[in-house]
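Working notes for the structure below.
The values are calculated or read from the model by the stated rules, or taken from the named source; none is laboratory data. All of these numbers come straight from a predicted model, not from anything done at the bench. FYI the Cβ positions are ideal-geometry reconstructions off the backbone, even for glycines, and counts take in every protein chain you see. Remember, those area values only see protein heavy atoms, side chains included, never the ligands or the DNA or RNA. Shrake-Rupley method; radii C 1.70, N 1.55, O 1.52, S 1.80 Å.
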Amino acid sequence: MIPVSLPHLDWVLIRQAISLSLAFGKECRIVGGLMFINNNQPFSAFLSDFEEFFQKYQFGHFSTKGDDLLFYPEPVRFGNFTISINPYSSAIELMLLLMPALFMQSFRSRLYLSGVTHSPLSFSTSWMKESFLAALEQMGMYASCTLRRFGFYASGGGLIEAKVYPAEAKRLSEFSIPRDNARFTGARIYIAHLDSSIAVQEKNFLREELGLDEAQTGILEIRDCDGAWNHAEIYCLADGLPLVLSETVPVYDFSGAFIFSENSIQPAMEKLVNNTRAALENALLPEELEKEIAIYRVITGNTAEYASESARASAELAVQFTS
């Protein structure tokens, strides 16, 4: 059993450890994993979805010992998989969990994930299909993510269809963002069952801050959905790699209470702009993207220098399972 003991444990590392355990068929013990979940209750919904999926398809099971979380994987097979996502969870998290193992199969797999497609605790479908999957393609890993219906945190009702193909591992050139070859390409505001003037305010702020013209910015008002939502995305192109950076204005909390406040709009938009500028000005991948692709770099034998400590932690985690 592989002991996963990390000084700065977070949810992504827990999910990645389970994912690598599943992909390589090696039992793992995440030291402090149970304590982390107990202290960060919103992530317990993610873990519940994982457990339900593993039980349904006999991919493995969890156990606990003290403050630790143990996972015992079973052999993974390709196929068509269907599951309903908890209203406080995320379909994207389940997709991220399963992809390494499904890439290693001999034939294509298809996932039908109903429920929450957009969660403030995870990534958007735009980030998944336009940025993350584009990065994986450079390593010979091909997958698709199709949004059939929007489903938001605390309400659900959405649907994602995903396909994961057998990997064709290949070397890649180092990801970077040359300062003279990085540019903003647009921005979009998503809003559902809230006053549309909020989206106009956010759109105008992003246009002014990023120097975008009217044709590069848009508002998507979602009506065919359950529940309310407010989310902004900025799109960039860096050396051929699309980047999607986003920020969600909180609408519901983990108890289902409506917590939306117009006072939250400006801080969220400023944070999004600052994070985007920092990535481009420093010629670095956004930290969350670098962290997610770190385990794939190790799996495919692509060495890399990591700009963030969190990405280095993910890479070191992957080395434990692949060595």
Notebook entry, point to check: Residues in the stretch 86-106 that are open to solvent by 10 Å² or more (accessible area, probe 1.4 Å) and of a type outside the set (A, V, I, L, M): how many?
Noted result: 5
Next item on the list: Output the number of residues of the stretch 270-299 satisfying the condition of being touching a Phe, Trp or Tyr at 6+ places or on another chain (Cβ under 9 Å), in a helix (DSSP H, G or I) and within 12 Å of residue 182 (Cβ to Cβ).
Entry: 2
Next item on the list: List every residue pair whose Cβ atoms lie under 8 Å apart, where the two residues are 6 or more positions apart in sequence or sit on different chains, the first residue falls within the stretch 145-160 and is without any contact (Cβ under 8 Å) to a residue 24 or more places away in the chain, and the second residue, located anywhere, is assigned to a strand (DSSP E or B) and open to solvent by less than 40 Å² (accessible area, probe 1.4 Å).
Entry: 146/160; 146/161; 146/162; 148/158; 148/160; 148/161
Next item on the list: Select from the stretch 65-79 the residues that are open to solvent by less than 80 Å² (accessible area, probe 1.4 Å), free of Cβ contacts under 8 Å to residues at least 40 places away in the same chain and outside any loop (DSSP other than H, G, I, E, B) and list them in ascending order.
Entry: 68
Note to self: Suppose we keep only residues that are touching a Gly at 6+ places or on another chain (Cβ under 9 Å) and within 17 Å of residue 244 (Cα to Cα) within the stretch 154-209. Which one would you say is modelled with the lowest pLDDT?
What the structure shows: 181
Check: Counting only residues that are among the hydroxyl-bearing types (Ser, Thr, Tyr) and part of a loop (DSSP other than H, G, I, E, B), which one in the stretch 107-158 is surrounded by the fewest Cβ atoms within 10 Å (Cβ to Cβ)?
Finding: 142
Check: How about the stretch 227-266: which of its residues are out of contact with any helix residue (DSSP H, G or I) (no Cβ under 6 Å at 6 or more places or on another chain), among the aromatic types (Phe, Trp, Tyr) and within 18 Å of residue 90 (Cβ to Cβ)?
Finding: 229, 252
Next item on the list: Go over the candidates 279, 257, 268, 304 one by one and state the one that is over 20 Å from residue 208 (Cβ atoms), small (Gly, Ala, Ser) and surrounded by 15 or more Cβ atoms within 10 Å (Cβ to Cβ).
Entry: 304
Notebook entry, point to check: How many of the residues making up the stretch 291-300 are open to solvent by less than 10 Å² (accessible area, probe 1.4 Å) and without any contact (Cβ under 8 Å) to a residue 40 or more places away in the chain?
Noted result: 1
Next item on the list: Starting from residues that are open to solvent by less than 30 Å² (accessible area, probe 1.4 Å) and of a type in the set (Gly, Ala, Ser), keep the ones in the stretch 220-254 and report whichever is modelled with the lowest pLDDT.
Entry: 238
Check: Any chance the stretch 39-54 includes a residue that's part of a strand (DSSP E or B) and either within 18 Å of residue 153 (Cβ to Cβ) or open to solvent by less than 40 Å² (accessible area, probe 1.4 Å) (or both)?
Finding: no
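Could you list, in sequence order, the residues of the stretch 80-106 that are part of a loop (DSSP other than H, G, I, E, B) and under 10 Å from the mean Cα position of the chain (by Cα)?
Step one: list which residues in the stretch 80-106 are part of a loop (DSSP other than H, G, I, E, B), which gives 85-90, 104-106.
90 - this is the single residue of the stretch 80-106 that is part of a loop (DSSP other than H, G, I, E, B) and under 10 Å from the mean Cα position of the chain (by Cα).
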Check: Out of the stretch 4-38, which residues are outside any helix (DSSP H, G or I) and within 24 Å of residue 105 (Cα to Cα)?
Finding: 25, 26, 27, 28
